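The values are calculated or read from the model by the stated rules, or taken from the named source; none is laboratory data. These numbers were taken from a predicted model, which means no experiment stands behind them. Because the Cβ atoms are built from the backbone with ideal geometry, glycine has one as well, and the counts that use them run over all protein chains shown. Each accessible area value is taken on the protein alone, full model and side chains, heavy atoms only, with ligands, DNA and RNA left out. Shrake-Rupley method; radii C 1.70, N 1.55, O 1.52, S 1.80 Å.
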Amino acid sequence: MLSKNGLQIIFFIPVFLRGAIAEGDFYLDEQLIFGKGLVDAYVAQENYAVYPRIIVSDAVVKGKTVSVDSEWKKLPRDKDGYFYINTLERYFQCKTLDEFVTNGQVKKIRQCVDSRLQGYADSHLREKYIWIRQELERIKHNLAYDNNIVMV
């Protein structure tokens, strides 16, 4: 179970997180945790959360068996079909395109991604950095659209 404070940590810590949130029963005490929900989340993050994002199961987003906050229903769907929490977007908290373009953290991440892409030959790792670059561009274009700015 993820508390509201747990969600705030996920949304605001500037770390490239990879993980998954699934729905299902589980048992928890001081020494042990196990159950279908935990196993499903583990398998999903190991096999499907390839990029630095937190994927969320369809059952959680659609709230088929649990009451979910409306924030879950606003999650984007990535090109591979998974709903996900974009920790980059949540961390920056930019409301305008100008805020995003001038944000020091955005600039640092862009520089890091660009330098890593120039140096890595490993295609698996390059794919992750390319995904981050594409996410930054998606955020930028969404902010431009939200602020009625035409990008050329």
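Which one is nearest to Arg77 (Cα to Cα), of the residues in the range 20-65 that are among the acidic types (Asp, Glu) and touching a residue at least 24 places away in the same chain (Cβ under 8 Å)?
First pass over the range 20-65, keeping only residues among the acidic types (Asp, Glu): 23, 25, 29-30, 40, 46, 58.
From what's left, touching a residue at least 24 places away in the same chain (Cβ under 8 Å): 23, 58.
Details: Glu23: 18, Asp58: 10 Å.
Looking at residues that are among the acidic types (Asp, Glu) and touching a residue at least 24 places away in the same chain (Cβ under 8 Å), I get Asp58.
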#### Entry: Those residues of the range 29-47 which are more than 16 Å from Ala59 (Cα to Cα) and touching a Ser or Thr at 6+ places or on another chain (Cβ under 9 Å), in sequence order
none
### Summary
Asp25 fails exactly one of (1) within 23 Å of Leu88 (Cβ to Cβ); (2) open to solvent by 80 Å² or more (accessible area, probe 1.4 Å); (3) charged (D, E, K, R), namely (1)
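If you take the residues in the range 61-71 that are modelled with pLDDT of 70 or more and assigned to a helix (DSSP H, G or I), which one is surrounded by the most Cβ atoms within 10 Å (Cβ to Cβ)?
Taking the range 61-71 as the starting set, the residues that turn out to be modelled with pLDDT of 70 or more are 61-63.
Next, only the ones that are assigned to a helix (DSSP H, G or I) stay: 61-62.
Details: Val61: 19, Lys62: 14.
If we take residues in the range 61-71 being modelled with pLDDT of 70 or more and assigned to a helix (DSSP H, G or I), then Val61 is surrounded by the most Cβ atoms within 10 Å (Cβ to Cβ).
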### Query
Considering the range 74-108 alone, what residues qualify as being open to solvent by 30 Å² or more (accessible area, probe 1.4 Å), outside any loop (DSSP other than H, G, I, E, B) and either farther than 24 Å from Ala20 by Cβ or at pLDDT 85 or above (or both)?
Arg77, Asp98, Glu99, Val101, Thr102, Gly104, Gln105, Lys107, Lys108
## Note on the structure
Scanning the range 19-60 residue by residue, those at pLDDT 90 or above, in a helix (DSSP H, G or I) and out of contact with any Gly (no Cβ under 9 Å at 6 or more places or on another chain) turn out to be Tyr42, Val43, Glu46, Asn47
### Query
Identify, please: which residue in the range 113-152 is in contact with a Phe, Trp or Tyr (Cβ under 7 Å, 6 or more places away or on another chain) and within 13 Å of Asn86 (Cα to Cα) and is, among those, modelled with the highest pLDDT?
Trp131
### Test result for Phe16, open to solvent by 60 Å² or more (accessible area, probe 1.4 Å), touching a Pro at 6+ places or on another chain (Cβ under 8 Å) and at pLDDT below 85
yes
